[in-house]
Amino acid sequence: VNPKKFLELALGIVTSMGGFLEVGSIATAAQAGAVFGYQLIWPLALGTICLIFLVEMSGRLAAVSHHALPAAVRERFGFNFYIVPLSAETVVDFLVLTSEVGGVSLGLQILTGIDYRWWAVPSAIGVWLLLWKGNFSVIEYGVSFLGLITVVFIIAAWEMHPERGAVLRGLLPSLPGHDKVHYWFLAVSILGATISPYLFNFYSSGAIEDEWSEEDLVPNRFIATMGMSFGGLISIAVLVAAGAVLHPKNIAVDSFEQVELIVSGPLGKWGFYLFGIGVSIACLGAALELSLDGAYVYSQCFGWNWGENERAPDAARFSMVYTILIALAPIPLLLGIDPLKLTLLSMALTVVILPFIVLPFLVLMNDPKHVGEHRNGWISNGVVFFVIILAAILAVVAIPLEIFGGK
Amino acid sequence: MRALWLIGVVLFCCIGGCQKPLEVIEEARKSADSWRATLQMTLQQWIDDRVPARYVKQIFEAAQKELGKELPDVEKLPAGEEGREKVLKQTKELQEWVGKNLAKIGDADHKQRQAMLGSLP
């Protein structure tokens, strides 16, 4: 195993940003901490473990079969099957991309005081320029390096000296003493925001862009585990900081601006600036990931030439898909739709489509044609089976909870 | 699948969807308390020079937008409903206070910031 391969941890970090460090996840974790203290750490921990397994599988699939997940599903199950996840992912990708452009804009609003709607179009142009002019390495290493700024949430949580016993107890599921429907709504939202289908497509396509082979199976395991753990840890830190700063004062998070208090409270003015920059960068990373995911999914479904490492004219239809997605993304924001409301809706929709996305793992990861001798063991199959059952239950309750438990 | 969906909708409507008058009042009270605490914390951080004035302004604007959201539901309740008048008074006082002080944020010095915090209803 080439030790340098472990440096590709950047792919894991940038992937985890789309799951943990996007505007919806930050807001939901802060809301959970503010209302229920440390009681909702368990869905984050559970989501992180599931994600480590599923991301590792999508990387393994890419390394062994040289097919990214969308291409493998399309090939194994046929176009008629794939049209269902393709349609669903198009809607979810668009909604979440809009939320992320909103997240970049909200970060800039907090820093400058200029309303986020003024930032929507410049933010979208920034995302597009990075994709058009940059290559996969620029995105992978640039975003993951700058994304380390989100460590500020860990420092903020640490500075608040949260009660360790209470934090550890939060790892175990427990029933709430109040607001039961809101509690379950947040638990489902956290799981929906964490186990996001676009992460698997992005990670496996990224593995193809980075030209992984069977030699990369050990680094893949390391990258998936460390990358997802990084995102999970930051997300838990957001929840813990909110639990320590906002919960004792009975402050609920109704507006994204309130989330900033969890950092400036313990860290002062530099915390304020790092929060604004961190949110903008994390959401920029998620926006890049979602734009690329849309382009990957369409290109692999229709057999077009694809790759962020290709010159835009050489992968014209691939570039066209992300260009269209990015061009449309600011429109709902300009029409006055709240990015937070949009992201909560997209999280509920993500949960609804999750069974369709996870089910193929069970087939592909046990098919010697795709993964050769590197098939799933009983633990990995057990996790996939658990996620399918969990996803099916969540799919049934997600929309009613969104209607009655969302605030 | 459709049957499960219906069961889900009915179940959640029963346990959480159909809000009773007391729950409406409780929600409004919690929201007013939460925003009061948010304004207090923000002003304290501003006094301690932990956040800039432009951020305080954003919090005030967010409070102005969010505070009135529960009022129509509370106002729809019958006049004699327990806690109705109290929560209406509390929310409206807070709304008025935010409206009055929003314009003063830009050039408030340390003393004025403290006076603002002291006058929070």
Rounded to whole Hz, the Karplus (6.51, -1.76, 1.60) HN-Hα couplings of the stretch A:203-217, x for glycine and proline: 5, 5, 5, x, 5, 5, 4, 7, 6, 6, 9, 4, 4, 8, 5
Cut-off 15 Å (backbone N to label point 7 Å along Cα→Cβ of B:Leu22), residues of the stretch B:63-89: B:81-84
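Can you figure out the FRET efficiency of A:His161 with B:Lys86, using R₀ = 30 Å and their beta-carbon distance, to the nearest 0.05?
Computed FRET efficiency for A:His161 and B:Lys86 comes out at 0.25.
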For the stretch A:81-204, the fraction of alpha-carbon pairs in successive 10 Å shells from zero, as %: 9, 24, 36, 24, 7, 0
Distance violations [Cα-Cα > 27 Å] among A:Lys180/A:Lys249; A:Lys133/A:Lys341; B:Lys65/B:Lys86; B:Lys30/B:Lys57: A:Lys133/A:Lys341
Along each principal axis, Cα extent of the stretch A:253-363, largest first, Å: 51, 34, 31
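If you wrap a convex hull around the Cα atoms of the stretch B:29-121, how much volume per residue is inside, in Å³? Write out the running numbers ahead of the final one.
Values: hull volume 7.3 nm³, N = 93.
In the stretch B:29-121, the Cα convex hull volume per residue is 79 Å³.
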FRET E, pair A:Thr90, A:Leu146, Förster distance 41 Å, beta-carbon r, rounded to 0.05: 0.90
Cleavage-rule hits, GluC sites (Glu not before Pro), the stretch A:116-199, DSSP coil, Cβ neighbours within 10 Å at most 15: A:Glu163
Spin-label model distance (nm) - B:Lys104 vs A:Ile393, 7 Å beyond Cα toward Cβ: 5.3
Most to least accessible of B:Met41, A:Met228, A:Met160 (protein chains only, probe 1.4 Å): A:Met160, B:Met41, A:Met228
Separation of the B:Ala53 and B:Ser119 label points, Cα + 7 Å toward Cβ, nm: 1.6
Within-12-Å neighbourhood charge of A:Met365 [Cβ basis; K, R +1; D, E -1]: +2
DSSP-loop trypsin sites (Lys or Arg not before Pro) across the stretch B:48-115, with at most 13 other Cβ within 10 angstrom: B:Lys104
FRET efficiency for A:Ala327 and A:Lys249, using Cβ-Cβ distance with R0 set to 30 Å, rounded to 0.05: 0.10
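The values are calculated or read from the model by the stated rules, or taken from the named source; none is laboratory data. These numbers were taken from a predicted model, which means no experiment stands behind them. Counting neighbours? That spans all protein chains shown, and the Cβs are built from the backbone with ideal geometry, glycine included. Just so you know, the surface numbers come from the protein's heavy atoms only, side chains and all, with ligands and any DNA or RNA stripped out. Shrake-Rupley method; radii C 1.70, N 1.55, O 1.52, S 1.80 Å.
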